[in-house]
Structure formats: C-alpha cells, structure tokens
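Structure first, commentary second.
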Amino acid sequence: MRPQEHAVPRADWGSAALVRPAGPLAGLVDFVRKTVVIVELEARKLLHDPSELITRAVQPMLWLLIFGQVFTRFRAIPTGNVRYIDFMAPGILAQSVLFVAIFSGMAVIWERDLGIMHKFLASPTPRGALVLGKALAAGVRSLSQAIIIYILALLLGVQLDGNPLALAGVLLAVFLGAACFSSFSLLIACLVKSRERFMGIGQVMTMPLFFASNAIYPIALMPAWLQFISHGNPLTYQVDALRSMMLAGQASTYGIGLDFAVLLVATTMLVTICARLYPKVVT
C-alpha cells in the first residue's frame, strides 16, 4: 500500500493559483474603478441628450440678463466697491449648479421603475461607489454650466480673473458643490421613493438653500436668525469660493481652505449616509 501523500488536490492548486492577495490598497483601487464606471455611464446619458444642459442654463441666464442688469442700475443692494452684476455672477453660477444637482435624484427613481436599479444592487459594485459615481457625474454635468456663465459674464463686462489657477479653482468648486447637492438629492430620493413627492421636496428645498446664502446679497443684510442658517449652508461656502476666485481682486470671507473643507466634508457625510439608505429605494 502506497503511503498517502499530504498534498493539496489539483482542484485546490488551480483555485489557489487564482487567489490574489487583497489588501486595503487593492480594495481602494477597485472602489475607484467602479466609481469611474458609474460616472462614465452617467456621462453617456448626457451625450445622448445634451438638450438638458441648454434648458438648465436658461434660468441663470435670465437672472443675469434681467435681475442683475436692473439691480446694477438701481444700486439697491450695497456690495461695496464691486458692481452688483459682478457680485451676482458667482452666485448665479452656484445657483445653476444647485438646480442641476438637486434634481439628479429623479434619475434614481426612474431607474427603479425601469428595473435598472435592481441590476445595480445585485452586482458586486459597492453602494458607496454607486452613490459617489452619480454625485461626481452631476459635477461633470455642472462644468458645462460654468462655461455658459463665464461666456455670458464676459459679454456683460464682469471683471473676471483670468489666472489659470483661479479658473481651475472655480471648476473644482463647481464640481464639489454639484457632488454635494447631488448626494443630498439622492438622499431625498432614497427616503421619498416617489417622483411626485421628490419633485415637491426638491422645489421646496432649492429656494431656501439659494436665498439663505450669500448668492445675491451679502449676509450682513440678513436678520440674525437667517445669518445663523446661512453659515450652516454649504452653498454659502461654495459662493464664497467662487466669488474670491472668479472675480479679479476679490478675497475670500471665510478662507478658501475652509470653503473647500466644508464642501468636501458635507459631500463625504451625505455620500456615506446615502450609501446606507440606497438599497431602500427598491423596498
């Protein structure tokens, strides 16, 4: 009788050869890769229907062309040594980003109704990657709004800062702001689960976020209670970052570092919460 050999069976050899060591770095790389795939999928939707960008740009254009021109002549809102149209342009860019991002959660409800969401949730893609990918895709969509507002601001004679670093900072602020408010939109979609309720809540939330910020008037003009709310509004810090980098000779009120930190922390918190709630969309 031959002695038994203490060896791994052939089947185990093959499976063992396929096993690769997985560490934190490998997990992070996989998470980033899957997030980029989601961003790419969302970007393809935009290429198939670019008319959404044009329709979203109509409202901020009207604000600058009508509201901004009238109040610049009136001088009803004190903005120091800055023309009102200059003061307003970064705020309208932030408004445009907000309006694009805040309704991005509607796509999640549509995907659920079409059965696409079930396929995403059944895949090995982390929930965080699904949420972050959609949030970053909103940032990609919002970059086109920045281009439109910049062109219109130049035509209106706004004193823009042409420094490439300042322009890069503006694009980063637009990208982060869109990701932040898109995550908030996805969070609402996870909770309400209905298109009608989502539209109602989205419309209710956009106006307070916009008017409780420094987008179209200085915070110093607000009553004390509204100033308190404004200091907790991420849109306030996005506008502050945009105004300091978009306009020539303007300084940040809170500091560029704090502005970006608030946007980044708010986005991280919202993505984390939304990733936990994301499966509830289909329940």
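For Leu221, indicate whether it is of a type outside the set (Phe, Trp, Tyr), touching a residue at least 60 places away in the same chain (Cβ under 8 Å) and either more than 22 Å from Asp113 (Cβ to Cβ) or crowded, with 20+ Cβ neighbours inside 10 Å (or both). Taking the combined requirement at face value, the residue satisfies it.
For the stretch 151-163, residues that are within 21 Å of Gln69 (Cα to Cα) and either in contact (Cβ under 8 Å) with a residue 40 or more places away in the chain or part of a loop (DSSP other than H, G, I, E, B) (or both) total 8.
Return yes when Thr125 is surrounded by 15 or more Cβ atoms within 10 Å (Cβ to Cβ) and assigned to a helix (DSSP H, G or I) and no when it is not. It is false that Thr125 is surrounded by 15 or more Cβ atoms within 10 Å (Cβ to Cβ) and assigned to a helix (DSSP H, G or I). Does Gln203 count as part of a helix (DSSP H, G or I), within 27 Å of Arg127 (Cα to Cα), among the polar types (S, T, N, Q) and out of contact with any strand residue (DSSP E or B) (no Cβ under 7 Å at 6 or more places or on another chain)? For Gln203, the condition - part of a helix (DSSP H, G or I), within 27 Å of Arg127 (Cα to Cα), among the polar types (S, T, N, Q) and out of contact with any strand residue (DSSP E or B) (no Cβ under 7 Å at 6 or more places or on another chain) - is met.
Looking only at residues in the stretch 87-131 that are touching a Pro at 6+ places or on another chain (Cβ under 9 Å) and not β-branched (Val, Ile, Thr), which one is farthest from Val192 (Cα to Cα)? Don't jump to the end; show me each part of the working.
At the first step, the residues of the stretch 87-131 found to be touching a Pro at 6+ places or on another chain (Cβ under 9 Å) are 87, 92-93, 95-96, 99, 121, 127.
Retained after the next criterion (residues that are not β-branched (Val, Ile, Thr)): 87, 93, 95-96, 99, 121, 127.
Values: Phe87: 36, Leu93: 28, Gln95: 24, Ser96: 24, Phe99: 19, Leu121: 18, Arg127: 18 Å.
Only one residue tops the list, namely Phe87.
Filter the stretch 215-241 for residues that are of a type outside the set (Val, Ile, Thr), out of contact with any Gly (no Cβ under 8 Å at 6 or more places or on another chain), closer than 20 Å to Leu93 by Cβ and part of a helix (DSSP H, G or I) and give the result. Selection gives Ser230, Tyr237, Asp240.
Any read-out appearing in this document is the output of simple, stated calculations on the displayed coordinates, not a laboratory observation. Note that the structure is a prediction, hence the values are computed from the model and not measured. Note: ideal-geometry Cβ built from the backbone for every residue, glycine included; neighbour counts use all protein chains shown.
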